[in-house]
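Some notes on the structure that comes next.
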Amino acid sequence: MGVVLESAALPAASFQMNYLFDDDLHLFRRENTGEFAYSDGAESEARLLNVVLNAKDRSTFSPALAEAITDWVSEYHFSKSRHCLVRPLGIQAGDKVLELGCGCGPITRFLGELGANLVGVEGSLVRARVAAERCREFGNVRVVVDNLFRFETDEQFDCVLLIGVLEYAAMFSTEENPFERLVQSASRFLSPGGRLVVAIENKLGLKYFNGCYEDHVGAAFFGVQDLYGARTPRTFGRRELIDLLSTAGLKHTYFYYPFPDYKLPVAILSEDALMDGDFDPVDLLTRCHARDYTGFPYRSFDDALVLSSLHRNGLIADLSNSFLVEATRDPKPPGHKSTLAAAYAVQRKPELAAQTRFSRARSTIQVSKEYVVSGASHRAVTVGGKTIAHDLADAEYRPGRQILWNLLKARARNANVEDIVQALLPWFDFLLQHAQVSSPQVAVGPPTLASYMHRLHPVQLAR
Ligand SMILES: C[S@@+](CC[C@H](N)C(=O)[O-])C[C@H]1O[C@@H](n2cnc3c(N)ncnc32)[C@H](O)[C@@H]1O
(Lines give C-alpha, C1' and ligand atoms only; values in the text may rest on other atoms or scores of the structure.)
Protein backbone atom coordinates (compact mmCIF):
# COMPACT_ATOMS: atom_id res chain seq x y z
CA MET A 1 0.00 0.00 0.00
CA GLY A 2 1.05 3.61 -0.49
CA VAL A 3 3.52 5.39 -2.62
CA VAL A 4 7.18 4.59 -2.26
CA LEU A 5 9.40 7.23 -3.76
CA GLU A 6 13.14 7.13 -4.03
CA SER A 7 14.89 8.92 -1.20
CA ALA A 8 16.68 10.92 -3.85
CA ALA A 9 13.33 12.59 -4.61
CA LEU A 10 13.42 14.37 -1.25
CA PRO A 11 13.73 18.13 -1.67
CA ALA A 12 15.76 18.28 1.51
CA ALA A 13 17.99 21.17 0.60
CA SER A 14 15.81 23.72 2.36
CA PHE A 15 16.36 21.95 5.68
CA GLN A 16 20.09 21.45 5.48
CA MET A 17 20.93 24.94 6.65
CA ASN A 18 19.22 24.46 10.00
CA TYR A 19 18.89 20.74 10.58
CA LEU A 20 21.03 17.66 10.25
CA PHE A 21 19.61 14.38 8.98
CA ASP A 22 19.98 11.60 11.55
CA ASP A 23 20.40 8.44 9.47
CA ASP A 24 19.65 6.08 12.34
CA LEU A 25 16.47 7.82 13.42
CA HIS A 26 15.54 8.75 9.85
CA LEU A 27 14.60 12.31 10.76
CA PHE A 28 15.88 15.87 10.65
CA ARG A 29 16.88 17.55 13.89
CA ARG A 30 18.89 20.47 15.22
CA GLU A 31 22.40 19.89 16.48
CA ASN A 32 21.10 20.03 20.05
CA THR A 33 17.63 18.63 20.38
CA GLY A 34 16.30 20.02 23.64
CA GLU A 35 13.68 18.65 26.02
CA PHE A 36 10.06 19.06 24.97
CA ALA A 37 7.37 19.04 27.63
CA TYR A 38 4.71 16.96 25.90
CA SER A 39 4.41 13.28 26.70
CA ASP A 40 1.87 10.50 26.97
CA GLY A 41 4.24 8.92 29.50
CA ALA A 42 7.75 7.58 28.84
CA GLU A 43 6.65 3.95 29.19
CA SER A 44 3.66 4.34 26.87
CA GLU A 45 5.71 6.12 24.23
CA ALA A 46 8.50 3.53 24.43
CA ARG A 47 5.86 0.86 23.86
CA LEU A 48 4.46 2.73 20.82
CA LEU A 49 7.95 2.84 19.34
CA ASN A 50 8.52 -0.85 20.01
CA VAL A 51 5.22 -1.86 18.45
CA VAL A 52 6.03 0.12 15.31
CA LEU A 53 9.61 -1.17 15.11
CA ASN A 54 8.39 -4.76 15.42
CA ALA A 55 5.54 -4.39 12.92
CA LYS A 56 6.33 -5.50 9.39
CA ASP A 57 3.13 -3.86 8.22
CA ARG A 58 3.08 -0.26 9.49
CA SER A 59 0.18 0.85 7.31
CA THR A 60 -3.00 2.61 8.39
CA PHE A 61 -4.87 -0.71 8.27
CA SER A 62 -2.06 -2.79 9.78
CA PRO A 63 -3.50 -5.69 11.81
CA ALA A 64 -0.34 -5.68 13.95
CA LEU A 65 -0.90 -2.08 15.04
CA ALA A 66 -4.63 -2.64 15.64
CA GLU A 67 -3.86 -5.68 17.78
CA ALA A 68 -1.49 -3.59 19.91
CA ILE A 69 -4.35 -1.38 21.15
CA THR A 70 -4.62 -1.92 24.89
CA ASP A 71 -5.46 1.51 26.29
CA TRP A 72 -6.38 5.03 25.20
CA VAL A 73 -2.80 6.03 24.29
CA SER A 74 -2.38 3.07 21.94
CA GLU A 75 -5.90 3.49 20.56
CA TYR A 76 -5.25 7.14 19.76
CA HIS A 77 -2.15 6.23 17.82
CA PHE A 78 -3.12 2.95 16.21
CA SER A 79 -6.88 3.16 15.63
CA LYS A 80 -7.93 2.74 12.01
CA SER A 81 -10.48 5.49 12.62
CA ARG A 82 -7.89 8.22 13.15
CA HIS A 83 -7.13 8.79 9.49
CA CYS A 84 -10.82 9.26 8.55
CA LEU A 85 -10.59 12.82 9.83
CA VAL A 86 -8.57 14.00 6.84
CA ARG A 87 -10.52 12.11 4.17
CA PRO A 88 -12.99 14.99 3.53
CA LEU A 89 -10.08 17.35 2.86
CA GLY A 90 -9.44 15.74 -0.52
CA ILE A 91 -5.64 15.83 -0.19
CA GLN A 92 -4.09 14.16 -3.22
CA ALA A 93 -0.83 12.62 -4.37
CA GLY A 94 1.74 15.31 -4.93
CA ASP A 95 0.06 17.92 -2.71
CA LYS A 96 2.51 19.72 -0.46
CA VAL A 97 1.43 19.23 3.15
CA LEU A 98 3.00 20.50 6.36
CA GLU A 99 1.78 18.68 9.44
CA LEU A 100 2.70 20.67 12.54
CA GLY A 101 2.73 18.63 15.76
CA CYS A 102 2.56 15.33 13.88
CA GLY A 103 2.98 13.34 17.10
CA CYS A 104 3.48 9.63 16.53
CA GLY A 105 2.24 9.87 12.97
CA PRO A 106 -1.14 8.20 12.37
CA ILE A 107 -2.20 11.01 10.04
CA THR A 108 1.34 11.37 8.66
CA ARG A 109 1.34 7.72 7.67
CA PHE A 110 -2.04 7.92 5.90
CA LEU A 111 -1.08 11.02 3.93
CA GLY A 112 2.22 9.34 3.07
CA GLU A 113 0.24 6.39 1.69
CA LEU A 114 -1.84 8.81 -0.37
CA GLY A 115 1.35 10.13 -1.93
CA ALA A 116 1.26 13.62 -0.42
CA ASN A 117 4.62 15.35 -0.31
CA LEU A 118 4.62 15.79 3.44
CA VAL A 119 6.78 17.40 6.10
CA GLY A 120 5.87 16.49 9.69
CA VAL A 121 7.19 18.70 12.49
CA GLU A 122 7.13 17.38 16.05
CA GLY A 123 8.62 18.89 19.21
CA SER A 124 9.20 15.64 21.07
CA LEU A 125 12.10 13.52 19.80
CA VAL A 126 10.62 10.25 20.96
CA ARG A 127 7.25 10.96 19.33
CA ALA A 128 8.93 12.15 16.12
CA ARG A 129 10.88 8.87 16.07
CA VAL A 130 7.65 6.88 16.10
CA ALA A 131 6.28 8.97 13.21
CA ALA A 132 9.53 8.64 11.26
CA GLU A 133 9.67 4.85 11.74
CA ARG A 134 6.06 4.54 10.69
CA CYS A 135 6.87 6.34 7.44
CA ARG A 136 10.42 5.06 6.90
CA GLU A 137 9.50 3.41 3.60
CA PHE A 138 8.22 6.63 2.03
CA GLY A 139 10.47 9.02 0.17
CA ASN A 140 7.63 11.53 0.14
CA VAL A 141 7.57 12.00 3.95
CA ARG A 142 10.14 13.90 5.99
CA VAL A 143 9.96 14.27 9.76
CA VAL A 144 11.65 17.18 11.55
CA VAL A 145 12.10 17.54 15.31
CA ASP A 146 11.51 21.11 16.38
CA ASN A 147 9.20 23.41 18.27
CA LEU A 148 6.85 24.59 15.53
CA PHE A 149 7.23 28.20 16.71
CA ARG A 150 10.91 27.94 15.72
CA PHE A 151 10.58 25.71 12.65
CA GLU A 152 12.38 27.09 9.63
CA THR A 153 12.03 26.30 5.95
CA ASP A 154 11.74 28.29 2.78
CA GLU A 155 9.24 25.80 1.35
CA GLN A 156 5.57 26.65 1.01
CA PHE A 157 2.64 24.28 1.37
CA ASP A 158 -0.83 23.80 -0.12
CA CYS A 159 -2.09 22.63 3.21
CA VAL A 160 -0.82 23.18 6.77
CA LEU A 161 -2.34 20.86 9.36
CA LEU A 162 -2.77 21.49 13.08
CA ILE A 163 -4.50 18.36 14.35
CA GLY A 164 -4.91 18.43 18.10
CA VAL A 165 -2.12 21.00 18.42
CA LEU A 166 -3.52 24.54 18.65
CA GLU A 167 -4.83 23.91 22.16
CA TYR A 168 -1.27 23.47 23.48
CA ALA A 169 0.04 26.82 22.21
CA ALA A 170 0.35 28.39 25.66
CA MET A 171 2.58 25.55 26.87
CA PHE A 172 5.23 26.12 24.21
CA SER A 173 5.28 29.88 23.76
CA THR A 174 5.89 32.63 26.29
CA GLU A 175 4.23 35.27 24.13
CA GLU A 176 1.24 37.22 25.31
CA ASN A 177 -1.17 35.81 22.70
CA PRO A 178 0.22 32.31 22.13
CA PHE A 179 -2.83 30.98 20.25
CA GLU A 180 -2.84 33.85 17.79
CA ARG A 181 0.93 33.53 17.45
CA LEU A 182 0.63 29.85 16.70
CA VAL A 183 -1.90 30.45 13.92
CA GLN A 184 0.39 33.14 12.51
CA SER A 185 3.42 30.84 12.78
CA ALA A 186 1.57 28.10 10.94
CA SER A 187 0.15 30.31 8.23
CA ARG A 188 3.54 31.80 7.27
CA PHE A 189 4.18 28.49 5.42
CA LEU A 190 1.04 28.67 3.27
CA SER A 191 1.45 28.96 -0.46
CA PRO A 192 -0.81 31.52 -2.20
CA GLY A 193 -4.30 29.98 -2.07
CA GLY A 194 -3.18 27.44 0.55
CA ARG A 195 -5.33 26.41 3.50
CA LEU A 196 -4.66 26.02 7.19
CA VAL A 197 -6.58 23.09 8.67
CA VAL A 198 -7.28 23.01 12.39
CA ALA A 199 -8.83 20.09 14.28
CA ILE A 200 -9.72 20.88 17.87
CA GLU A 201 -12.31 20.11 20.54
CA ASN A 202 -15.17 22.54 21.14
CA LYS A 203 -15.13 23.79 24.73
CA LEU A 204 -18.93 24.07 24.39
CA GLY A 205 -19.33 20.58 22.91
CA LEU A 206 -22.54 18.78 23.83
CA LYS A 207 -20.58 16.05 25.60
CA TYR A 208 -19.29 18.55 28.13
CA PHE A 209 -22.83 19.60 29.09
CA ASN A 210 -23.58 15.91 29.37
CA GLY A 211 -21.02 15.30 32.10
CA CYS A 212 -17.92 14.24 30.15
CA TYR A 213 -14.68 15.52 31.66
CA GLU A 214 -12.71 18.09 29.68
CA ASP A 215 -10.40 16.13 27.38
CA HIS A 216 -7.14 17.88 28.35
CA VAL A 217 -7.49 18.65 32.03
CA GLY A 218 -9.78 15.74 33.01
CA ALA A 219 -12.24 17.82 35.07
CA ALA A 220 -16.00 18.23 34.76
CA PHE A 221 -17.48 21.45 33.30
CA PHE A 222 -14.00 22.96 33.02
CA GLY A 223 -14.25 24.40 29.50
CA VAL A 224 -17.90 25.40 29.69
CA GLN A 225 -17.04 27.51 32.76
CA ASP A 226 -13.93 28.84 31.04
CA LEU A 227 -11.60 27.80 33.84
CA TYR A 228 -8.51 27.58 31.61
CA GLY A 229 -5.32 29.13 32.99
CA ALA A 230 -2.75 31.27 31.19
CA ARG A 231 -0.38 28.34 30.53
CA THR A 232 -2.76 25.38 30.36
CA PRO A 233 -4.12 23.82 27.18
CA ARG A 234 -7.36 25.47 26.14
CA THR A 235 -10.03 25.05 23.51
CA PHE A 236 -12.55 27.43 22.02
CA GLY A 237 -16.17 27.79 21.05
CA ARG A 238 -16.98 28.07 17.35
CA ARG A 239 -17.28 31.88 17.29
CA GLU A 240 -14.08 32.28 19.34
CA LEU A 241 -12.22 30.02 16.92
CA ILE A 242 -13.43 32.00 13.91
CA ASP A 243 -12.33 35.23 15.61
CA LEU A 244 -8.92 33.77 16.48
CA LEU A 245 -8.28 32.67 12.89
CA SER A 246 -9.53 35.96 11.54
CA THR A 247 -7.30 38.01 13.86
CA ALA A 248 -4.35 35.99 12.60
CA GLY A 249 -5.23 36.96 9.00
CA LEU A 250 -7.32 33.96 7.97
CA LYS A 251 -10.64 35.62 7.38
CA HIS A 252 -12.37 32.83 5.50
CA THR A 253 -13.36 29.56 7.13
CA TYR A 254 -15.15 26.39 6.15
CA PHE A 255 -16.21 24.06 8.94
CA TYR A 256 -16.64 20.31 9.19
CA TYR A 257 -18.17 18.66 12.22
CA PRO A 258 -16.66 15.26 13.10
CA PHE A 259 -18.79 12.99 15.29
CA PRO A 260 -18.45 11.83 17.97
CA ASP A 261 -15.24 13.90 17.80
CA TYR A 262 -12.16 14.55 15.66
CA LYS A 263 -10.12 11.86 17.37
CA LEU A 264 -12.11 8.82 16.31
CA PRO A 265 -14.60 10.12 13.75
CA VAL A 266 -17.45 7.90 12.62
CA ALA A 267 -19.30 10.54 10.62
CA ILE A 268 -18.25 13.98 9.41
CA LEU A 269 -20.76 16.65 8.42
CA SER A 270 -19.82 19.62 6.31
CA GLU A 271 -21.01 23.16 6.83
CA ASP A 272 -23.19 22.75 3.72
CA ALA A 273 -24.91 19.69 5.21
CA LEU A 274 -26.31 21.78 8.04
CA MET A 275 -27.69 24.37 5.63
CA ASP A 276 -29.19 21.95 3.11
CA GLY A 277 -32.91 21.71 3.79
CA ASP A 278 -33.19 18.35 1.99
CA PHE A 279 -30.51 16.67 4.08
CA ASP A 280 -31.21 15.34 7.55
CA PRO A 281 -27.88 14.61 9.25
CA VAL A 282 -29.33 13.41 12.53
CA ASP A 283 -29.82 9.78 11.62
CA LEU A 284 -26.16 9.49 10.66
CA LEU A 285 -25.16 10.51 14.15
CA THR A 286 -27.25 7.97 16.04
CA ARG A 287 -24.34 5.72 16.81
CA CYS A 288 -21.83 8.47 17.48
CA HIS A 289 -22.04 8.56 21.26
CA ALA A 290 -19.32 10.73 22.74
CA ARG A 291 -16.66 9.20 24.93
CA ASP A 292 -15.13 10.47 28.09
CA TYR A 293 -11.44 9.64 27.69
CA THR A 294 -10.83 9.54 31.43
CA GLY A 295 -13.35 6.70 31.67
CA PHE A 296 -16.00 8.64 33.65
CA PRO A 297 -19.16 6.66 32.83
CA TYR A 298 -22.10 8.83 33.91
CA ARG A 299 -24.21 10.93 31.53
CA SER A 300 -27.30 13.04 32.02
CA PHE A 301 -28.99 12.30 28.71
CA ASP A 302 -28.74 10.31 25.49
CA ASP A 303 -26.78 12.62 23.20
CA ALA A 304 -28.24 11.05 20.03
CA LEU A 305 -31.76 11.94 21.11
CA VAL A 306 -30.79 15.54 21.82
CA LEU A 307 -29.28 16.06 18.36
CA SER A 308 -32.63 15.94 16.66
CA SER A 309 -33.92 19.03 18.51
CA LEU A 310 -30.55 20.71 18.17
CA HIS A 311 -30.73 20.31 14.41
CA ARG A 312 -34.26 21.73 14.20
CA ASN A 313 -32.98 24.76 16.13
CA GLY A 314 -29.81 25.24 14.12
CA LEU A 315 -27.52 24.39 17.04
CA ILE A 316 -25.49 21.39 15.85
CA ALA A 317 -22.59 23.52 14.63
CA ASP A 318 -22.18 25.38 17.91
CA LEU A 319 -22.53 22.29 20.09
CA SER A 320 -20.53 19.87 17.96
CA ASN A 321 -17.94 18.13 20.17
CA SER A 322 -15.11 18.98 17.77
CA PHE A 323 -14.31 21.12 14.79
CA LEU A 324 -12.32 20.52 11.65
CA VAL A 325 -11.90 23.88 9.99
CA GLU A 326 -10.21 25.03 6.82
CA ALA A 327 -9.06 28.63 6.98
CA THR A 328 -7.78 30.72 4.10
CA ARG A 329 -6.65 34.26 3.48
CA ASP A 330 -8.83 34.63 0.39
CA PRO A 331 -12.41 33.50 -0.08
CA LYS A 332 -13.05 30.19 -1.83
CA PRO A 333 -15.75 30.23 -4.48
CA PRO A 334 -19.18 29.53 -2.93
CA GLY A 335 -20.59 26.06 -3.48
CA HIS A 336 -17.14 24.56 -4.05
CA LYS A 337 -18.01 21.56 -1.89
CA SER A 338 -20.42 18.93 -3.09
CA THR A 339 -19.93 16.41 -0.28
CA LEU A 340 -22.40 17.03 2.50
CA ALA A 341 -21.35 14.25 4.79
CA ALA A 342 -19.42 11.02 5.03
CA ALA A 343 -19.74 8.03 7.32
CA TYR A 344 -16.92 5.58 7.90
CA ALA A 345 -17.13 1.87 8.57
CA VAL A 346 -13.47 1.04 9.12
CA GLN A 347 -13.54 -0.98 12.34
CA ARG A 348 -13.71 -4.21 10.38
CA LYS A 349 -11.43 -6.25 8.16
CA PRO A 350 -9.62 -3.88 5.78
CA GLU A 351 -11.03 -5.59 2.71
CA LEU A 352 -14.56 -4.81 3.93
CA ALA A 353 -13.93 -1.26 5.15
CA ALA A 354 -16.03 1.35 3.37
CA GLN A 355 -17.11 4.95 3.39
CA THR A 356 -20.52 6.32 2.48
CA ARG A 357 -20.65 9.77 0.97
CA PHE A 358 -23.67 12.02 0.66
CA SER A 359 -23.24 14.54 -2.15
CA ARG A 360 -25.37 17.32 -3.49
CA ALA A 361 -25.83 17.04 -7.25
CA ARG A 362 -28.14 19.83 -8.50
CA SER A 363 -31.63 18.88 -7.31
CA THR A 364 -30.75 15.50 -5.81
CA ILE A 365 -28.59 14.09 -3.07
CA GLN A 366 -26.54 11.07 -4.06
CA VAL A 367 -25.36 8.36 -1.73
CA SER A 368 -22.22 6.63 -2.88
CA LYS A 369 -20.34 3.82 -1.21
CA GLU A 370 -16.64 3.27 -1.72
CA TYR A 371 -14.08 0.81 -0.41
CA VAL A 372 -11.38 2.58 1.52
CA VAL A 373 -8.64 0.03 0.90
CA SER A 374 -7.95 -0.23 -2.79
CA GLY A 375 -6.58 -3.33 -4.45
CA ALA A 376 -8.15 -5.69 -1.89
CA SER A 377 -10.54 -8.51 -2.86
CA HIS A 378 -13.44 -7.12 -0.78
CA ARG A 379 -14.08 -10.65 0.40
CA ALA A 380 -13.29 -11.94 3.88
CA VAL A 381 -13.21 -15.47 5.23
CA THR A 382 -14.92 -15.93 8.59
CA VAL A 383 -13.77 -18.16 11.43
CA GLY A 384 -16.25 -20.80 10.23
CA GLY A 385 -14.64 -20.82 6.78
CA LYS A 386 -17.49 -18.97 5.06
CA THR A 387 -16.68 -16.16 2.65
CA ILE A 388 -18.36 -12.81 3.17
CA ALA A 389 -18.55 -10.56 0.14
CA HIS A 390 -19.12 -6.86 0.54
CA ASP A 391 -20.62 -5.56 -2.69
CA LEU A 392 -21.26 -1.86 -2.62
CA ALA A 393 -23.99 -0.08 -4.52
CA ASP A 394 -24.90 3.57 -4.78
CA ALA A 395 -28.34 4.44 -3.52
CA GLU A 396 -30.98 7.09 -3.57
CA TYR A 397 -30.99 9.38 -0.53
CA ARG A 398 -33.94 8.80 1.78
CA PRO A 399 -34.20 10.94 4.88
CA GLY A 400 -35.79 9.38 7.92
CA ARG A 401 -35.19 7.75 11.25
CA GLN A 402 -33.84 4.28 11.88
CA ILE A 403 -35.88 1.97 14.06
CA LEU A 404 -33.06 2.29 16.54
CA TRP A 405 -34.57 5.68 17.47
CA ASN A 406 -37.64 3.96 18.90
CA LEU A 407 -35.37 1.87 21.05
CA LEU A 408 -33.34 4.84 22.26
CA LYS A 409 -36.53 6.71 23.14
CA ALA A 410 -37.97 3.70 24.93
CA ARG A 411 -34.78 3.41 26.95
CA ALA A 412 -34.77 7.13 27.79
CA ARG A 413 -38.36 6.79 29.02
CA ASN A 414 -37.28 3.94 31.32
CA ALA A 415 -39.56 1.67 29.36
CA ASN A 416 -40.41 -1.84 30.45
CA VAL A 417 -39.70 -4.89 28.30
CA GLU A 418 -43.11 -4.81 26.58
CA ASP A 419 -42.55 -1.20 25.55
CA ILE A 420 -39.15 -2.09 24.17
CA VAL A 421 -40.61 -4.97 22.18
CA GLN A 422 -43.31 -2.60 20.97
CA ALA A 423 -40.61 -0.15 19.86
CA LEU A 424 -38.97 -2.92 17.88
CA LEU A 425 -42.15 -4.23 16.25
CA PRO A 426 -41.48 -2.67 12.83
CA TRP A 427 -38.15 -4.47 12.79
CA PHE A 428 -39.68 -7.78 13.86
CA ASP A 429 -42.35 -7.35 11.17
CA PHE A 430 -39.68 -6.80 8.57
CA LEU A 431 -37.76 -9.88 9.71
CA LEU A 432 -40.88 -12.00 9.72
CA GLN A 433 -41.83 -10.89 6.24
CA HIS A 434 -38.45 -11.88 4.93
CA ALA A 435 -37.76 -14.96 7.06
CA GLN A 436 -37.72 -18.37 5.48
CA VAL A 437 -39.70 -20.45 7.93
CA SER A 438 -38.65 -24.05 8.20
CA SER A 439 -39.86 -25.01 11.70
CA PRO A 440 -43.10 -27.07 11.61
CA GLN A 441 -44.19 -25.27 14.76
CA VAL A 442 -44.58 -21.94 12.96
CA ALA A 443 -45.10 -23.19 9.44
CA VAL A 444 -48.81 -23.52 10.16
CA GLY A 445 -50.42 -20.23 9.16
CA PRO A 446 -48.63 -16.92 8.62
CA PRO A 447 -45.84 -16.18 11.09
CA THR A 448 -46.88 -13.78 13.81
CA LEU A 449 -44.99 -11.91 16.43
CA ALA A 450 -46.54 -14.00 19.16
CA SER A 451 -45.43 -17.22 17.50
CA TYR A 452 -41.85 -15.99 17.46
CA MET A 453 -41.78 -14.17 20.77
CA HIS A 454 -40.27 -17.00 22.78
CA ARG A 455 -37.45 -17.37 20.24
CA LEU A 456 -36.72 -13.68 19.90
CA HIS A 457 -36.35 -12.95 23.56
CA PRO A 458 -35.14 -15.55 25.98
CA VAL A 459 -36.34 -13.72 29.10
CA GLN A 460 -39.85 -13.81 30.53
CA LEU A 461 -41.79 -11.16 28.61
CA ALA A 462 -45.15 -11.24 30.34
CA ARG A 463 -45.36 -9.90 33.86
C1 LIG B 1 -2.54 15.62 20.73
S2 LIG B 1 -1.04 15.33 19.94
C3 LIG B 1 -1.60 15.19 18.25
C4 LIG B 1 -0.60 14.49 17.40
C5 LIG B 1 -0.98 14.32 15.95
N6 LIG B 1 -1.28 15.60 15.34
C7 LIG B 1 -2.13 13.38 15.82
O8 LIG B 1 -3.21 13.81 15.41
O9 LIG B 1 -1.97 12.20 16.12
C10 LIG B 1 -0.27 16.91 19.94
C11 LIG B 1 1.12 16.84 19.39
O12 LIG B 1 1.57 18.15 19.07
C13 LIG B 1 2.90 18.30 19.51
N14 LIG B 1 3.10 19.74 19.74
C15 LIG B 1 2.33 20.56 20.48
N16 LIG B 1 2.82 21.81 20.45
C17 LIG B 1 3.93 21.77 19.68
C18 LIG B 1 4.87 22.73 19.29
N19 LIG B 1 4.80 24.00 19.70
N20 LIG B 1 5.88 22.34 18.48
C21 LIG B 1 5.99 21.06 18.07
N22 LIG B 1 5.12 20.09 18.43
C23 LIG B 1 4.10 20.44 19.21
C24 LIG B 1 2.98 17.48 20.77
O25 LIG B 1 4.30 17.15 21.11
C26 LIG B 1 2.12 16.29 20.40
O27 LIG B 1 2.89 15.28 19.80
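The values are calculated or read from the model by the stated rules, or taken from the named source; none is laboratory data. Quick caveat: nothing in here was measured; it's all calculated off a predicted structure. Cβ: placed from backbone, ideal geometry, glycine included. Neighbour counts: every protein chain shown. Ligands, DNA and RNA are excluded from the accessible area calculation, which covers all protein heavy atoms including side chains. Shrake-Rupley method; radii C 1.70, N 1.55, O 1.52, S 1.80 Å.
Points to keep in mind about this one:
- Calculated diffusion of region 1-145, Stokes-Einstein form, Kirkwood radius summed over Cα pairs, 37 °C and 0.692 mPa s, µm²/s: 216 µm²/s
- Between Leu49 and Asp419, the FRET efficiency estimated from the beta carbon spacing at R0 = 60 angstrom works out to 0.70.
- Two-decimal log10 I(q)/I(0) for region 118-243, as the Debye equation yields it once each C-alpha is a single scatterer, q = 0.14, 0.17, 0.20, 0.23 Å⁻¹: -0.71, -0.98, -1.20, -1.36
- Sequence of Met17, Met275 from largest to smallest accessible area, 1.4 Å probe: Met17, Met275
- Accessible surface of Phe21 - all protein chains present, 1.4 Å probe, nearest 10 Å²: 80 Å²
- Equivalent ellipsoid of the chain: semi-axes from √(5λ) of the C-alpha gyration tensor, largest first, are 42, 26, 22 Å.
- Normalised by the number of residues in the chain, the mean separation of alpha-carbon contacts (under 8 Å, six or more apart) gives a relative contact order of 12 percent.
- In this structure, the pairs whose alpha-carbon distance is over 23 Å, taken from Lys207/Lys251; Lys349/Lys369; Lys207/Lys409; Lys369/Lys409, are Lys207/Lys251; Lys369/Lys409.
- Here the label points at Thr294 and Asn18, each 7 Å from Cα along the C-beta direction, are separated by 3.8 nm in the simple model.
- Heavy-atom accessible area order for Ser377, Ser81, largest first, 1.4 Å probe: Ser377, Ser81
- Virtual spin-label span in nm between Thr364 and Leu408, 7 Å along Cα→Cβ: 2.9 nm
- The 1.4 Å probe gives accessible areas that order Trp405, Trp72, Trp427, largest first, as Trp427, Trp72, Trp405.
- Multiplying the residue separation of Met171 and Leu392 by 0.36 nm and subtracting their alpha-carbon distance yields 74.9 nm.
- Net lengthening on full extension, Asp429/Asn32 (0.36 nm per residue, minus Cα-Cα): 136.0 nm
- Rounded to 5, the percent of DSSP beta bridges in the chain classed as antiparallel: 65 percent
- The modelled label-to-label distance between Val224 and Asp280, using points 7 Å beyond Cα along the C-beta direction, is 2.7 nm.
- For region 309-355: rounded, prolate or oblate by the Cα gyration tensor [a/c cutoff 1.5]: oblate
- Whether region 204-284 is rounded, prolate or oblate, judged on the alpha carbon gyration tensor where a/c under 1.5 counts as rounded: oblate
- Note that region 264-408 carries a Kirkwood radius of 17.6 Å, evaluated over its alpha carbons pair by pair.
- For region 156-216, the square roots a ≥ b ≥ c of the C-alpha gyration tensor eigenvalues yield an a/c of 1.5 or more together with a/b not exceeding b/c, which makes the shape oblate.
- Put a plus charge on the Cβ of each Lys and Arg, a minus charge on the Cβ of each Asp and Glu, and nothing anywhere else: the dipole of the chain about its Cα centre is then about 1200 debye.
- Residue-averaged [θ]222 nm for the chain, counting only DSSP H segments that reach four residues, each worth -39500 (n - 2.57): -7500 deg cm²/dmol
- Furthest towards positive pole of dipole, Phe428, Gly223, Ile268, structure part the chain, Cβ charges: Phe428
- In sequence order, calculated HN-Hα J values of region 405-419 (Karplus, 6.51, -1.76, 1.60; Hz; x Gly/Pro): 4, 4, 5, 4, 5, 4, 5, 5, 8, 6, 5, 8, 4, 4, 5
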